[in-house]
Amino acid sequence: MARMSVFSSPLLLGFEHIEQMIDRANKSSAEGYPPYNIEQIDQNALQITLAVAGFSENDLAVTVEDNQLCIRGKTPSSSGERVYLHRGIASRNFTRSFVLAEGIEVKNARQENGLLHIELQRKILESKIKKIKINSDENLSSQKTINLD
């Protein structure tokens with residue numbers, strides 16, 4: 001059975017990229033590591049906080065790729081083989097992605113006390129009004145036609 005999309009309406013032309021971003025967000029949210037919080041700091045500011053205990057600044061990468069915020073963590077290579085009696089602290093490579101809406105930009109990222117804080121800011125977008133000239137049949141017929149014969 002084919003999947004019906006909200007964006008398949010003929011009134012929503014050109015919104016296919018939004019559907020693709022939603023699909024990407026759903027796929028990335030299925031993974032639960034590392035845990036994170038999203039806070040609204042003020043009307044136009046957000047903060048994402050990820051629990052990245054055991055990762056140094058050099059083990060983490062924060063990038064923005066096509067309106068998608070990607071946080072990657074690479075576990076440091078251990079010099080010797082450790083023997084754990086109990087291993088409850090996760091330490092594995094990860095990629096956590098967040099789809100950013102238009103006008104959201106990453107201001108900075110900082111790490112403290114095992115938490116990675118990423119601050120986001122929403123730019124205030126000005127509404128644009130564009131007037132479209134309406135051509136009537138009279139205007140079109142009065143234009144000169146050139147024959148190339």
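Every number in this text was worked out from the coordinates using simple rules, so none of it is lab data. Worth saying up front: this structure is predicted, and the values here are computed from it rather than measured. Counting neighbours? That spans all protein chains shown, and the Cβs are built from the backbone with ideal geometry, glycine included.
The figures follow:
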quantity	calculated
Breaking point among (1) farther than 17 Å from Ile38 by Cβ; (2) under 27 Å from the mean Cα position of the chain (by Cα); (3) among the hydrophobic types (A, V, I, L, M, F, W, C), for Ile132	(2)
All positions within the range 109-129 that are surrounded by 10 or more Cβ atoms within 10 Å (Cβ to Cβ) and over 15 Å from Glu39 (Cβ atoms)	Gln111, Gly114, Lys123
